[in-house]
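One structure is given here, and the rest of the page talks about it.
The values are calculated or read from the model by the stated rules, or taken from the named source; none is laboratory data. What you are looking at is a predicted structure, and each value in this text was computed from that prediction instead of being measured. Note that each Cβ is placed from the backbone with ideal geometry, even for glycine, and that neighbours are counted across all protein chains shown. Surface areas here come from the heavy atoms of the whole protein model, side chains and all, with no ligands, DNA or RNA. Shrake-Rupley method; radii C 1.70, N 1.55, O 1.52, S 1.80 Å.
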Amino acid sequence: MSILVTRPSPDGEALVSRLRMQGLVAWSFPLIEFAPGAELTQLPALFDALQPDDLVFMVSRHAVEHAHAALTRAGRTWPASLRYFAIGRSTALALHQVSGQPVNYPRDREISEVLLQLPELQNIIGRKALILRGNGGRELLGETLTARGADVTFCECYQRCEKVYDGAQEAHRWQMRGVNTLVITSGEMLHQLFRLVPEWYRTRWLLRCKAVVVSERLATLARELGWQDIKVADNADNDALLRALL
């Protein structure tokens, strides 16, 4: 097994390092990188518009890092009167470390559907909900909260930017290195990888690789694009991906 990890830095490199410690052949090939979001400067004003017990959602550690930097530059702290939620354990821990506030998160799977099952999110009529995210994504979260009666606002705290590669050159390199397993952690990156690889390599190599993904929704998308050998990790963090690969 030779594994290509497409998740961005530093998580991708960390997973590759752990795989190599297990004696596996693994390579890092990050498809995206991160930059400050277009709405980041609005964050202090968005917090000012919230009332006690309103809801703040953090979709990733990148959102935590950029939001905390913006609040620090404005001389602000994370208000203790709000209720904080995160998409998963690592994001919750990152937010707790910088804010000192309790953060609720789903214990089973790090996806919007499971987060939305939390008892605290069932009766939210009239509450404001601020979702700190990248450029797009988590539409299901916003739509469901709105349907339950919350007043939802998104704030683009960071941007995901596609890294530029020569698709034919990279496909040739990874095929020659015997890559037969792909780690893909978002639909955006799945589409990007599919587009990046020219059709000749796509049919003879890419779609013949095993795709390790982090949700059933992503598995369905992979099948629609033509992958047949698909494994779903039991979570989206590196621990779960490592279990799936081992």
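Solvent exposure of the range 1-44 amounts to 45 Å² per residue of accessible area, where only protein heavy atoms count and the probe is 1.4 Å.
Accessible area per residue for the range 52-113, computed on protein heavy atoms with a 1.4 Å probe, is 45 Å². On the principal axes of its alpha carbon atoms, the range 63-207 extends 55, 34, 24 Å, with the longest extent given first. Here D108 sits with roughly 110 square angstrom of accessible surface, probe radius 1.4 Å.
Residues in the range 227-241 carry Karplus couplings, in order, of 6, 10, 9, 10, 10, 9, 5, 7, 6, 9, 8, 5, 4, 5, 5 Hz; the curve used is 6.51 cos²θ - 1.76 cosθ + 1.60 with θ = phi - 60°, and Gly or Pro positions show x. Secondary structure note: in the chain, about 15% of the DSSP beta bridges are antiparallel. For R160, the accessible area of its heavy atoms, probed at 1.4 Å with every protein chain present, is near 50 square angstrom. Here T41 sits with roughly 130 square angstrom of accessible surface, probe radius 1.4 Å.
Once the other residues with Cβ under 12 Å from the Cβ of G149 are scored (Lys, Arg +1; Asp, Glu -1), what is the net sum? Around G149, the surrounding residues sum to +2. Once the Cβ-Cβ distance of D166 and D234 is raised to the sixth power relative to R0 = 41 Å, the FRET efficiency obtained is 0.70. Dividing the radius of gyration of the alpha carbons in the range 1-130 by their Kirkwood radius gives 1.04 for Rg/Rh.
The Cα center of the range 125-156 and the Cα center of the range 1-72 differ in position by 19 Å.
Relative contact order, whole percent, for the range 1-125 stands at 17, derived from Cα pairs under 8 Å and 6 or more residues apart.
In the chain, one over the average inverse separation of all distinct C-alpha pairs is 19.1 Å, which is the Kirkwood hydrodynamic radius. For the range 1-68, the fraction of alpha-carbon pairs lying more than 21 Å apart is 46 percent, rounded to a whole number.
Using a 1.4 Å probe on the protein heavy atoms, what percent of the accessible area of the chain belongs to carbon and sulfur?
49 percent
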